[in-house]
Amino acid sequence: MSCRRALGFDLLWFGIVIVTVVEIGLITPPIGMNLFVIAGVAKDLDTHNVILGVFPFILCDFVGVALLVAFPILVT
């Protein structure tokens, strides 16, 4: 029996969802490692402004994850 049947979902789908969720984790506070990197490179921006600038992209990522979970066929 393959892993796909044993787990009940496609491993390609699982990998893409995990990568997307990790990406969200890297751009959302409190961890937000990428936010601190951008704030460090752009000296004229503070972390608060960077978070406000990234907010629309975070919303798009959440919508993307919701679509991947609702319609797994989009991955394959």
Put a dot 7 Å past each Cα toward the Cβ at Phe71 and Val22; how far apart are the dots in nm? 2.6
Return the sequence-ordered ³J(HN,Hα) values of segment 34-41 in whole Hz as given by the Karplus equation 6.51 cos²θ - 1.76 cosθ + 1.60 applied to θ = phi - 60°, using x for Gly and Pro. 5, 5, 5, 5, 5, 5, x, 6
Suppose every K and R has +1 on its Cβ and every D and E has -1 on its Cβ; what is the size of the dipole of the chain about the Cα centre, in Debye to the nearest 20? 280
If the chain between Leu11 and His48 were fully extended at 0.36 nm per residue, the gain over the current Cα-Cα distance would be 9.6 nm
Just want to confirm a number: the relative contact order over the chain, from Cα pairs under 8 angstrom separated by 6+ residues, in percent. 33
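Only the coordinates and a few stated rules stand behind these numbers; no lab work does. This is a predicted model, so every value here is computed, not measured. Virtual Cβ from ideal backbone geometry, glycine too; neighbours counted across all protein chains shown.
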